[in-house]
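Read-outs: derived from the displayed coordinates by stated rules, not from any lab. None of the values given here were measured: they were computed from a predicted structure. For neighbour counting, all protein chains shown are included, and Cβ atoms are generated from backbone atoms with ideal geometry for every residue, glycine included.
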Amino acid sequence: MKDIINLNIRIKEDFILLPINDADPISIITFRDETDQSILQFTASITQNTATYWLPIDISNYKGHHITIQIASNNLTPDIKNVIDNTQYLPSNNREEYRPEYHYSAPFGWINDPNGLFYKNGVYHLYFQHNPFGTKWGNMSWGHASSKDLIKWENHPVALLPDEMGEIFSGSIIIDKENNALLGSDMTLAFYTSAKENQVQCLAYSNDNGITFTKFNENPILKDEDKKDFRDPKVFWHNGTKKWIMALATGQSITFYSSSDLKGWERLSEFGKGIGSHKGVWECPDLFELKSGKKKKWVLLVSINPGGPNGGNATQYFLGDFDGHTFTADPLSYPLWLDYGRDNYAGVTWHNCPKNNKTYIGWMSNWDYANDLPTQHFKNVMTLPRTIDIATFNKQLILKTYPIKEVKKLRIEKKDFSTRLLNRMFIIKSFLEDNQGAYEVILEFDIVENTTSSVSITLFNENNEKLNFNLDLRKYLLTTNRSASGITKFNKKFSQGDIIAPLEKTNRYKIKLYIDKCSSELFLNKGKIASTNLIFPSEPYNNIRIDVSDGVIDITKFRIYKLADLNN
Ligand code: FRU
């Protein structure tokens, strides 16, 4: 860095706003207090050209004091002081065209993987990979939000910021009810990867239910100098062996460790050789037991990038048994995919869920283009929270994922369309009077004539933009096509053709589709197949067209709900 600029500022208001243009070089910014102690350090593309957005930094703790903003940069002059603002700023005012209405998005900045999901005292916590200082990946921290119903989220201050050990990568949280770690009973413990030249596992603890954390002073708690990819610890209690287990992504395998005190970890076994997809690096494992009726299975989720069924990242899973030492997969036709869409990655489940079922959330994006999405103040969002369950698909055991039932609370207006026999096509124009781009479509039909070769559903707007789903009843494939869905050119990997999933051989199909400004989540037959795909239409699709080829279907239910805007 060429120049060091020191700006002394008296803090009168809550926020510092820094002008950013992602096309400009990156500067290193250090905030220092009156005793010259560093209070915050990060990188950002500060600009003296036109700012494309303003980076808000909450500095309210220093009101009435002076701070020094030190900028090491190649492109700035001390005149930058004239454009830095100390102001009142309401993050909640930050609305833009593609801001979701009922999915979680951070008020400002970049997000990726969900981290540290846990439930305690009636509250679900969601942490996530976060750049609080920009809308591209960087300065990796754990952002934090919480919710009583997994629908309406309250934002909290950033929980973990990078330190001398590196950036804070993905990980998990458990509640240490019995004080096994001797850090205090009922302590909330976060396990995360510190990433610098090497990746090592670290521990932080919280005695205020996850709002603030103290990093353990003997970090790291687990390292392996031979492994470059060594990350994303998922910790859980194994009742059979009365031990804590950690599942860790280790290159193209998952390694399991066990511990009694949550600080010392012993290697148990490694899973992955010769099974599943190996077209990319394995990341973000989750291992849990799932009980469904009389069935009990251990489930291992493994995210992989690249190597997904439609390119880029996706989450594969294995069903089998875990005896506290080794995971043994049932002989199924792997790879199996949790979601066939382009935009559901790194999902994991909540620890300590009140109900017996497993609740899951994923990152609704793809590393292929996540940094280029056409949004300004926020980048990337989460999927709807989903319930994971066991099901059968063409007689084979699979996992299904379905939006949690609380999602029904979002319905604010119902439109029923007449049921009918259909042998060609029909169109419904302007299906919602005031369509803001947040709605749910339910379509159920029986195949009346088995000559029927396809059923196609198209959402479209007045600008010729469309999102199409096609059920191919000859090849038994479900195809999503978003190549003409709106803004697609920001990255050529976004607009690629068909996004393909298998289709169950049956006579009855039940479709549920959630649209929320920039996203589509399609669930077929109660979530046996999910396809999650981002979209950026220039205006909401408010027309729907159904085409039937070579046969007849009987539409038994056709309903659209307008869904609530939770930003209001
Ligand atoms: C998955 C991932 C993780 C890593 C994190 C870094 O998307 O690559 O393996 O911990 O993102 O942000």
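Under 17 Å from a point placed 7 Å out from the Cα of Ile4 along the Cα-to-Cβ direction: which residues of region 68-107 have their backbone N that close?
68-78, by backbone N distance to the label point.
Using label points projected 7 Å from each Cα along Cα→Cβ, tell me how many nm separate Ile427 and Ile442, to one decimal.
My value for the distance between the label points is 2.7 nm.
Around Ser38, with a cut-off of 13 angstrom between Cβ atoms, what is the net charge of the other residues, counting Lys and Arg +1 and Asp and Glu -1? Spell out each step's value before the answer.
Values: positive: Arg32; negative: Asp33, Glu34, Asp36, Asp163, Glu164.
With Lys, Arg at +1 and Asp, Glu at -1, the net is -4.
Under a crude label model (7 Å from the Cα following the beta-carbon direction), how far is Ala23 from Lys505 in nanometres?
Distance between the two pseudo-spin positions: 5.6 nm.
Treat each spin label as a single point 7 Å out from the Cα along the C-beta direction, and report the Thr328 to Arg420 distance in nm.
Using points 7 Å along Cα→Cβ, the separation is 5.7 nm.
Would you work out the charge dipole size for region 438-482 about its Cα centre, treating the Cβ of every Lys and Arg as +1 and the Cβ of every Asp and Glu as -1, and quote it to the nearest 20 debye? Intermediate values should be presented prior to the final figure.
On the way: 4 positive and 7 negative charges, 56 e Å.
I would put it at about 260 debye.
Sorted from largest down, what three extents in whole angstroms do the Cα atoms of region 125-227 have along their principal axes?
Principal extents (largest minus smallest coordinate, Cα): 43, 40, 19 Å.
As an exercise, use a Förster radius of 35 Å and the Cβ-Cβ distance of Lys279 and Lys63 to find the FRET efficiency, rounded to the nearest 0.05.
On the way: r = 52 Å, r/R0 = 1.49.
With R0 = 35 Å, the Cβ-Cβ based efficiency is 0.10.
What area, in nm² and to one decimal, does the C-alpha convex hull of region 427-568 cast on average over all directions?
Averaged projected area of region 427-568's Cα convex hull equals 8.7 nm².
If packing is taken as the mean number of other Cβ atoms within 10 Å per residue, what is the order of 537-544, 444-451, highest first?
In decreasing order of mean packing, 537-544, 444-451 become 537-544, 444-451.
What order do you get for 524-530, 261-267 when each peptide is scored by the mean count of other beta carbon atoms within 10 Å, highest first?
Details: 524-530: 20.9, 261-267: 16.1.
Highest to lowest by the protection proxy: 524-530, 261-267.
Taking the Cβ-Cβ separation of Asn543 and Glu178 as r and a Förster radius of 56 Å, what is the calculated FRET efficiency to the nearest 0.05? Please list the in-between numbers first.
Numbers: r = 58 Å, r/R0 = 1.03.
FRET efficiency, Asn543 to Glu178: 0.45.
If R0 is 30 Å, what FRET efficiency do you get for Glu462 and Thr556 from their C-beta distance, rounded to 0.05?
Working: r = 30 Å, r/R0 = 0.99.
Working from the Cβ atoms, E equals 0.50.
Under a Cβ-Cβ cut-off of 10 Å, what is the net charge of the residues other than Tyr369 that fall near it, where Lys and Arg count +1 and Asp and Glu count -1?
Values: positive: Arg342, Lys492, Lys493; negative: Asp343, Asp368, Asp372.
That sum, taken over residues with Cβ under 10 Å, equals 0.
Checking the a/c ratio against 1.5 first, then a/b against b/c, what shape does the Cα gyration tensor give for region 443-484?
Taking the square roots of the gyration eigenvalues as a ≥ b ≥ c, region 443-484 is prolate.
Kirkwood hydrodynamic radius, computed over distinct alpha-carbon pairs, for the chain: how many Å, to one decimal? Display every interim value, and only then the final one.
Values: mean 1/r = 0.0401 Å⁻¹.
That comes to 24.9 Å for the chain.
In 10 Å bins starting at 0, how do the alpha-carbon pair distances of region 230-318 split up by percent?
Binned Cα distances yield the sequence 17, 45, 29, 8, 0.
Can you give me the P(r) profile for region 269-347? Cα pairs, bins 10 angstrom wide beginning at 0, each as a whole percent.
The calculated distribution, bin by bin, is 19, 51, 26, 3.
Two decimals is fine: what's Rg over Rh for region 266-421, C-alpha atoms, Kirkwood radius as Rh?
Working: Rg = 17.5 Å, Rh = 17.3 Å.
Result: Rg/Rh = 1.01.
Note down the net charge around Gln88, summing +1 for each Lys or Arg and -1 for each Asp or Glu among other residues with Cβ under 12 Å from its Cβ.
Numbers: positive: Lys12, Lys63; negative: Glu13, Asp14, Asp58, Asp85.
With Lys, Arg at +1 and Asp, Glu at -1, the net is -2.
Cα-based Rg of region 339-480 per 2.2 N^0.38 Å, rounded to two decimals? Write out the running numbers ahead of the final one.
Values: Rg = 18.2 Å, N = 142, 2.2 N^0.38 = 14.5 Å.
So region 339-480 has a normalised radius of gyration of 1.26.
Please list the equivalent ellipsoid semi-axes of region 169-298, computed as the square roots of five times the alpha-carbon gyration tensor eigenvalues, in descending order and whole angstrom. Intermediate results must be reported in sequence, preceding the final value.
Working: eigenvalues 114, 84, 31 Å².
Square roots of five times the eigenvalues give 24, 20, 13 Å.
Can you find, among Ala484, Ser303, Val407, the residue farthest towards the positive end of the dipole of the chain? Put +1 on the C-beta of Lys and Arg, -1 on that of Asp and Glu.
Val407
Given region 1-95, what whole percent of its Cα pairs are spread farther than 16 Å?
On the way: 2380 of 4465 pairs.
When every Cα pair of region 1-95 is considered, 53 percent fall beyond 16 Å.
What is the extension gain from Arg267 to Asp498, computed as 0.36 nm multiplied by their sequence separation minus the C-alpha to C-alpha distance, in nm to one decimal?
Details: separation 231, 0.36 × 231 = 83.16 nm, distance 4.25 nm.
Roughly 78.9 nm would be gained on extension.
Against the 2.2 N^0.38 Å scaling, with N counting residues, where does region 129-178 land? I'd like the Cα-based Rg ratio to two decimal places.
1.33
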